[in-house]
Amino acid sequence: MSDTPTFARRRFLTGIGAVGLGASLSACVGPTITARGGRSTAAGAGAAVLDPVGTGKATGTVSFAHWRAEDKAVFDTLINSFVKANPDVRVTQDIAPSNDYQSTALQKVKGGKIGNAFAAFRGAQFVTMDKAGLFAGLGAQPFVDNYFAELIKSGQATSRAQMGLPYQLVFNMPIFNEAAFESAGVSEAPRDWDGFLALCDTLKGKGLVPIAWPGGEPANSGQFLNPMVMNNMPSDTAFAEIEAGTRKVTDDWFLATLKQYQQLAPYFEPNSTGTSSEPLQQLFASGKAGMLATGSFHISAVRALGATFPIDLIAPITVAADKAKYEGIYNATFILGVNTAGTAQEASLKWLQFLSDPANASVYANGTAQHLTVKDVDYTNPDLKRTAPWLEKKTLLAPRFQFNNLDIRAAVEAACVAVVGGTSPDEAAATAQAVVDQKRGK
């Protein structure tokens, strides 16, 4: 079995009614959903469990910490609506760039003054914050039932208690310019590796940068690793096994991936290993790049930069067509939580309740071009409609977030950057494995 649900038999009723993401989801990795309730303190380092949210109006100031600067205006709209219903509450946004948020949010939130309500990345950051006892357990909050149970498992502690709520359902794979593809004579996505290389060659021949890849920005350069390994991995948990020591970066399957990065190097923009995502968003928005190798979470950003062409998602199939297990990548992230160290916990909890309401979630989704884990969201955004078929494709839960040690993850991802920069795959893999061994205490 896979560690990812296949998004099958989902009804996508955009512009007419709500979306029903069918209940036919299964997973082997991660905890099974159990009944919520009780006042367990097993999750996190003595984390408190919140009482069910009250019906009265809340008071206090809520600092909402997150990394989605591109969502600020939509959150401001939602905050205004929230404050109208709770006039004694003030909500401010504390936003840091995603890379900075990865490295500094733990200490900021731990201090209690920033992030009364906060978001966490799936994987290492959530695990670390939960172990530090920063997430207040959600206990028997009735609004948790507004979410698809299978899609919020990444917000559970080892004890299977629900500590946070993954809000976003994103696709960590390249977005592409449909108009540019059509002008280049490309009518369908390649089904194998040779086809993907041929696509890149065709786009380059038309004067385009085939793949805009932010190799100089660790927070986003690693997103492309997700689809690059999805069909190369010998198991769906291979990255977790590298961290556990049962697999190595020097194994044949990962060396094969590095060699494929080497093949793609001529198709990235010049100085790709030193480029960040912001200028590449502009490059893509201007129609000069065929693909932007980050994810669906950047669609709204390129729209804000003036992109008017149709945008869809594409993933490199790195194996022969008959050997491909997966068509793409998804992730359930932006894990919303209430800070145990913060004040105004009732107001923070009400803010989460407010965001969990399908009507408010619809405002967020359509304003940011983000699919969500909330049930009954009414998707009217044209980009969400266009990418809706990916909800029914066979996709793998983003494997780069299997790493709980960020130094190990950084070393593995840096090997890809090094190869694009000219280092041999064998040397890059050996360097990364040395870091893995060191961090594992060998």
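The values are calculated or read from the model by the stated rules, or taken from the named source; none is laboratory data. These numbers come from a predicted model, not from an experiment. Neighbour counts are summed over all protein chains in view; Cβ atoms, including those assigned to glycine, are modelled from backbone coordinates with ideal geometry. These accessible areas exclude ligands, DNA and RNA; they are computed on the full protein's heavy atoms, side chains included. Shrake-Rupley method; radii C 1.70, N 1.55, O 1.52, S 1.80 Å.
Calculate I(q)/I(0) for segment 52-148 by the Debye formula, one identical point scatterer on each C-alpha and no solvent, and give its log10 at q = 0.19, 0.21 Å⁻¹ to two decimals. Those come out to -1.11, -1.28, one per q.
Remark: spin-label model distance residue 439-residue 183 equals 4.1 nm, labels positioned 7 Å along the Cα→Cβ axis. In straight-distance terms, cross-link reach from residue 84 covers every one of the aspartates and glutamates whose alpha-carbon lies under 18 Å from its own, apart from those fewer than eight places away in the same chain; here that gives 76, 346, 357. P(r) tail, segment 102-197: Cα-Cα pairs separated by more than 18 Å, 59% of all pairs. Please list the non-local residues whose amide H lies under 5 Å from the amide H of residue 318, H modeled 1.01 Å from N, same-chain partners needing a gap of 5 or more. Those qualifying (amide H under 5 Å, at least 5 residues apart or on another chain) are 231. Given R₀ = 22 Å, FRET efficiency for residue 252-residue 427 by Cβ-Cβ distance, to 0.05? Efficiency, from the Cβ-Cβ distance: 0.90. The alpha-carbon atoms of segment 303-344 define a convex hull whose volume equals 183 cubic angstrom per residue.
The alpha-carbon of residue 72 sits under 18 angstrom from the alpha-carbons of these aspartates and glutamates, leaving out residues fewer than 8 places away in its chain: 94, 100, 278. Computed over segment 223-271, the P(r) curve from all C-alpha pair distances, binned at 10 Å from the origin, holds 25, 51, 19, 5 percent per bin. Computed over every Cα-Cα pair of the chain and binned at 20 Å starting from 0, the pair-distance distribution P(r) comes out as 26, 59, 15, 0 percent.
Seen against the Cα atoms of the chain and their longest principal axis, helix 406-420 is set at about 30 degrees. Taking 24 Å as the straight-line reach from the Cα of residue 393, the lysines in range (excluding those fewer than 8 positions away in the same chain) are 153, 323, 325, 375, 385. One decimal place: the segment residue 83-residue 113 gains 8.8 nm when fully extended, by the rule 0.36 nm per residue minus the C-alpha distance. In whole percent, how big is the carbon plus sulfur part of the accessible area of the chain, probe 1.4 Å, protein atoms only? Summing carbon and sulfur atoms, their accessible area is 50 percent of the total for the chain.
Computed over every Cα-Cα pair of segment 191-245 and binned at 5 Å starting from 0, the pair-distance distribution P(r) comes out as 4, 15, 16, 20, 20, 13, 6, 4, 1, 0 percent. Global size of segment 347-394: 11.8, 39 Å for Rg and Dmax (C-alpha atoms, Rg to one decimal, Dmax whole). Angle of helix 358-368 to the longest C-alpha principal axis of the chain, folded into 0 to 90 degrees and rounded to 10: 40°.
What segment 280-421 shows is 29 Å² of accessible area per residue, with the surface traced by a 1.4 Å probe over protein heavy atoms. Considering helices alone, the calculated mean residue ellipticity of the chain at 222 nm is -10500 deg cm²/dmol, with DSSP H runs of length four and up weighted by -39500 (n - 2.57) and normalised per residue.
Accessible area per residue for segment 66-197, computed on protein heavy atoms with a 1.4 Å probe, is 38 Å².
Here the Karplus curve 6.51 cos²θ - 1.76 cosθ + 1.60, taken at θ = phi - 60°, turns the phi angles of segment 345-357 into couplings of 5, 5, 5, 5, 5, 5, 5, 5, 4, 4, 5, 7, 5 Hz, with x standing for Gly and Pro.
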